[in-house]
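Coordinate-derived values only; no laboratory data. Owing to the predicted nature of the structure, the values given are computational and were not obtained by experimental measurement. Here the Cβ positions follow ideal geometry from the backbone for every residue, glycine too, while neighbour counts run over all protein chains shown.
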Amino acid sequence: MSTDKSSHQFALPIKPTLGTCYYPEQWPREKWQEDAQQMAQLGLTWVRIAEFSWGVLEAKPGELKWQWLDDAIEVLGQAGLKVVLGTPSATPPRWMLDKWPDMLACDENGHARKFGSRRHYCFSHLGYREESVRMAQLMAKRYGNNPYIHAWQVDNEYGCHDTIYSYSEAAKQGFRTWLQQQFRDIDALNEAWGNVFWSMQYNSFEQIELPNATVTEANPAHYMAYRRFSSDQVCDFNLAQVQVIKAHSKAPVSHNFMGRITDFDHGAVAQDLDFVTWDSYPLGFLEDRVNATTDHQCQYERQGDPDFQAFHHDLYRGVGNGRWWVMEQQPGPVNWAPYNPAPLPGMVRLWSWEAIAHGAEAVCYFRWRQAPFAQEQMHSGLLRPDSSQAPCYEQVRQLAQEIEQFPVSKGKVDVALVFDYHAQWAWEIQPHAANTSYFDLVFDCYKALRKQGLSVDIVPPSSLQLQTCCDQYELIWAPGLMHMHSLLKQTLSQAKGHVVWGPRSAAKTQQMAIPVPLPPNVDALPVTVLSCESLRPDRPIALDNGGYVVNYREILSINGSLGDVIEHSEDGEPVLVQCGKQLYLSAWLDQSAWQRVVKNVCAMANITTQKMPEGVRRRNTQTHSFWFNYDNKPHQVDAHTIEPGGVLIQ
Ligand code: GAL
């Protein structure tokens with residue numbers, strides 16, 4: 001029995017640990033003990049439970065059944081495992097709908113999203129919010145001091161199954177109240193949104209609808225307000241549970257974020273958490289979320305994209321206080337992507353090592369045993385439904401032994417790359433083309449940095465508003481920040497290192513209007529964006545030095561003689577303009593041009609680059625270099641051969 005809570009303190013170097021997701025309510029009691037002992041023998045430290053268990057805990061309103069959970073925690077804890085206890089608000093039981101018939105979220109057509117799967121609630125429904133707090137409080141009171149509970153998870157995967165935006169009556173009422181708090185006066189809202197356009201003025205906040213089902217597009221300011229409101233609803237929902245847990249427990253509280261889900265501001269939610277986690281499904285993502293060509297999907301079908309997981313490791317390390325885990329990692333084929341191949345031997349270990357190299361305190365596998373029933377019966381686990389060991393099992397055993405004596409030091413980072421959830425929403429609202437996505441723009445830049453062997457911190461704009469944070473980096477890359485706070489403009493302008501702005505930097509006001517003076521309107525940058533255009537995928541524009549402008553570009557005027565144009569398009573437009581350590585990139589580049597520009601800018605900033613072999617990536621910490629081979633062929637690095645799925649630690 002362990003009562004040591006100090007093991008949760010964030011301390012470097014990190015001693016990484018492993019875990020799994022377990023559903024005692026889905027298995028006969030006789031199995032619990034055997035499962036718990038086997039987990040411990042395998043070398044697992046953590047077991048996450050209960051996040052979908054409301055239907056068992058409270059099968060009828062007010063009739064609470066705790067004994068099974070008391071026993072399950074006891075069995076797991078006695079086996080030496082540390083329990084992460086989930087609050088079950090992602091799966092309200094059926095009776096909840098009888099009590100609150102209007103608690104369901106509604107889709108854009110106003111249709112309620114029915115019971116029969118999960119996440120069937122609207123974040124704005126205050127009745128359901130109270131129910132979820134009631135349940136979290138009951139759990140916190142009962143288990144807050146339980147010595148086996150070492151961490152909490154609130155809910156499960158906010159945003160999964162497209163559940164942030166709701167067009168319900170509750171959301172409409174919530175939106176009106178939110179707008180009233182933001183603007184106070186309806187004329188102020190009309191003015192800020194530019195409602196004189198198309199006679200869209202309102203006389204009162206009660207007249208404002210959610211921005212769905214309009215004849216043509218709604219006002220971009222209206223969309224943006226709705227997105228900010230929706231994100232704030234997630235924060236409020238989360239915080240309400242965090243507060244009641246913290247009132248009764250000292251164990252740290254977390255939530256599991258997802259891959260490429262950007263519908264709420266993760267930084268804002270993370271402010272209320274002690275650590276963040278995310279759920280990593282590399283093969284599912286390659287098919288479903290990486291905007292990849294078919295060739296790329298074929299080449300990496302059993303390995304996953306070489307950059308997508310690392311991008312999220314770096315993103316989620318940056319959104320909160322730096323403490324993060326992988327809460328769910330794919331152990332074999334998943335069930336939900338368009339195609340679901342099995343991973344190449346070694347990949348489960350590689351993905352886990354990569355997370356650890358990027359600073360994960362723990363990596364947990366979803367799930368312990370494959371369920372033979374219901375929606376996820378085709379999803380693998382560490383064990384098959386008959387409890388025999390799945391192919392990944394031995395990899396996890398090996399890894400558990402490898403990490404035992406392996407403290408991981410802080411990253412040795414070359415470059416900061418900015419990611420801003422609000423910019424993501426702005427690009428979604430005004431993409432200016434069918435093929436532009438802010439996420440892809442930032443991800444393209446990240447890939448180029450990694451292909452040059454660089455280790456990256458992904459940082460939110462709010463941290464860079466601190467000059468001390470800015471000044472830590474030799475190079476800051478800030479593409480696509482559509483709206484920029486004046487403080488951010490100021491700190492970036494005065495950064496000690498090199499800064500690359502653009503494209504589309506400060507292109508909009510906070511209310512999604514074009515600013516005058518025209519953007520970027522930064523003294524340190526001798527450029528003005530006169531206009532912009534988007535490009536068809538089959539009409540890229542060549543650059544003088546090779547490679548292409550793709551998707552989107554701006555037409556610049558250069559003010560005075562201060563700027564040197566170091567990249568031109570063949571039709572004579574400036575693409576990269578330098579003024580001392582400040583650079584403005586006016587276009588989206590293809591990978592070959594991105595990599596050249598990265599290399600050249602790194603040379604200016606005295607950062608050493610090293611071109612990575614195809615599919616090989618590196619992460620540097622203060623003490624080690626970790627190399628990962630995602631390719632389906634062996635590669636040589638520093639006189640070592642790394643096999644496909646191999647990891648080299650130096
Ligand atoms: C995650 C989710 C899990 C499980 C898993 C399947 O998104 O949190 O509960 O559904 O996907 O891959």
* To do: Give, in whole angstrom and from largest to smallest, the semi-axes √(5λ) of the equivalent ellipsoid of segment 505-650, with λ running over the eigenvalues of the Cα gyration tensor.
  => 36, 18, 15
* For segment 277-404: span of alpha carbons on each principal axis (Å, largest first) -> 40, 39, 26
* **Computed Kirkwood radius, in angstrom, where 1/r is averaged over Cα pairs of segment 415-604** => 16.3 Å
* Mind sorting Phe275, Phe197 by how few other Cβ atoms lie within 10 Å of their own Cβ, fewest first? => Phe197, Phe275
* Share of antiparallel DSSP beta bridges in the chain, in percent to the nearest 5? -> 45 percent
* **Percent RCO, i.e. relative contact order, over the chain, from Cα pairs under 8 Å lying at least 6 residues apart** => 11 percent
* Asked: For Asp162 and Val516 in the same chain, what is the full-extension length gain: residue separation times 0.36 nm, less their Cα-Cα distance, in nm?
  -> 123.8 nm
* For Asp638 and Ser557, compute 0.36 nm times the residue count separating them, minus their Cα-Cα distance, and round to one decimal in nm. => 24.6 nm
* Structure fact -> At R0 = 51 Å the Cβ-Cβ FRET efficiency linking Trp68 and Val196, nearest 0.05, sits at 0.25
* To do: Holding the Cα-Cα limit at 23 Å, pick out from Lys65/Lys114; Lys15/Lys412; Lys412/Lys611; Lys489/Lys611; Lys410/Lys451 the pairs that are longer than that.
  => Lys65/Lys114; Lys489/Lys611
* Evaluate Rg over Rh across the chain, taking Cα atoms for both radii and Kirkwood's formula for Rh. => 0.97
* Give the distance, in whole Å, between the Cα centre of segment 223-288 and the Cα centre of segment 574-650. => 31 Å
* **Whole-Å distance, taken between Cα centres, linking segment 325-341 and segment 24-75** => 23 Å
* Structure fact -> Computed over segment 190-291, the Cα gyration tensor eigenvalues, each multiplied by 5 and square-rooted, give semi-axes in Å (largest first) of 35, 22, 9
* Would you work out if segment 417-498 is rounded, prolate or oblate? Take a ≥ b ≥ c from the square roots of the eigenvalues of the alpha-carbon gyration tensor; rounded if a/c is under 1.5, else prolate when a/b is larger than b/c, oblate otherwise. => oblate
* For segment 558-611, how big is the tail of P(r) above 13 Å, as a whole percent of Cα pairs? -> 63 percent
* Structure fact -> segment 464-553: spread of alpha-carbon positions along the three principal axes, whole Å, largest first, is 43, 31, 20
* Equivalent ellipsoid semi-axes - Cα gyration tensor, segment 10-104, angstrom -> 30, 17, 10
* Considering every pair of different Cα atoms, what Kirkwood radius, in Å, is found for segment 71-200? -> 17.5 Å
* As computed over segment 339-386, the Cα convex hull volume per residue (Å³) -> 98 Å³
* **Rg/Rh for segment 266-337, where both radii come from Cα atoms and Rh is the Kirkwood radius** => 1.04
* How many times 2.2 N^0.38 Å is the alpha carbon radius of gyration of segment 79-121? -> 1.59
* Asked: Between Gln297 and Ala374, what FRET efficiency comes out of the Förster formula 1/(1 + (r/R0)^6) with R0 = 25 Å and r the beta carbon distance, rounded to 0.05?
  -> 0.30
